[in-house]
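Presented below is the structure to which this report refers.
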Amino acid sequence: MAQEQAINRIVELLSRSNNTVVVTGAGISTEAGIPDFRGEKGIYRTLGERYVLGILNIDTFRREPDTFYEFYRQYFMFPPVEPSPAHFMLAKMEKMGLIKAVVTQNIDNLHQKAGNKRVVAVHGNAERFICTGCGTRFKSQYVVEFPELIPTCDKCEQILKPDVVLFGEHIQNYLDARDLITGAKLLVVIGSSLTVYPLAGFVKEFSTFYQDLVIINKGPTQLDHATAVKLNTDSTGEVLEEIVRRVELHRR
């Protein structure tokens, strides 16, 4: 399907849906300058997936916090990044009533920064850290400025843990994510190849019973065969801007 035809079809589907949910993966954040860890030059490829999984693990965090934090500080604590045009367009679409919620695999907090109000982040939020002792929450700036490798709580002096899902932990907001995805009338997947479970499983479950699945992604995904529209692009922001423009014209 040509891009022009695909965009028109997406506009049509959005216009007739009263329950549209968006699922986002790393692809939307690479456009904001955040590296894709599973991409061609990502750490899963360059360092080896087994090695990365061995460090970003809840057991490593508990047993060897120095090893964990040396790695985490190097690869997962980014300089401040602004949301991409795609993030801002999704926030605008929520304000317009076009989408009900965003379910995201990303931990970068960019949907919230862009203005989306209903964001279900299944892998957590790297902007936050939680004390393993008293549960006090800290912003990432506290950890950035902490004088030692392993950050500790200023109240009880226990170690802080990033508020992200490590390997060996259950995803956050499991039921909310599943209910939103499987209960949607229209599901729009952006920037995900749908290989990370259980979120990919929720999308697959949706596609088994419904037809209105849209995928906007650079490259193939596991569920291209089940879509009403599959749009390949490396500029999601421009595509969403055009979709919003046409919806606004349609409403006049």
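Read the figures in this text as sums done on the coordinates, not as results from a lab. Here the structure is a predicted model, which is why all the values come from computation and not from measurement. In this analysis, Cβ positions are derived from the backbone assuming ideal geometry, glycine residues included, and neighbour counts consider all displayed protein chains.
At a glance:
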item	result
Cβ-based exposure ranking for His225, His123, in which fewest neighbours within 10 Å come first	His225, His123
In the stretch 16-108, the GluC sites (Glu not before Pro) that fall in loop regions by DSSP, at most 15 other Cβ within 10 Å	Glu40
Arg73-Thr195 pseudo-label distance in nm [points 7 Å out on the Cα-to-Cβ vector]	3.1 nm
Sites Phe167 and Gln211 - FRET efficiency at Förster radius 41 Å, r taken between beta-carbons, to 0.05	0.75
Net charge dipole size for the stretch 159-212 [Lys, Arg +1 and Asp, Glu -1 on Cβ; Debye, nearest 20]	80 debye
Added length on full extension, which subtracts the Cα-Cα distance from 0.36 nm per residue, Met96 to Gln141	12.9 nm
Percent of Cα-Cα distances greater than 25 Å, calculated over the stretch 1-117	40 percent
Linear extension gain, Cys156 paired with Leu53, 0.36 nm per residue minus alpha-carbon span	34.1 nm
Fraction in percent of alpha-carbon pairs per bin - 5 Å, the stretch 126-252	2, 9, 14, 14, 12, 12, 11, 10, 9, 5, 2, 0
Potential lengthening between Ser15 and Tyr174 on full extension [0.36 nm per residue; Cα-Cα distance subtracted]	54.4 nm
All lysines inside 30 Å of Lys218 as judged from Cα atoms, apart from same-chain residues fewer than 8 positions distant	Lys41, Lys92, Lys95, Lys100, Lys113, Lys117, Lys185, Lys204, Lys230
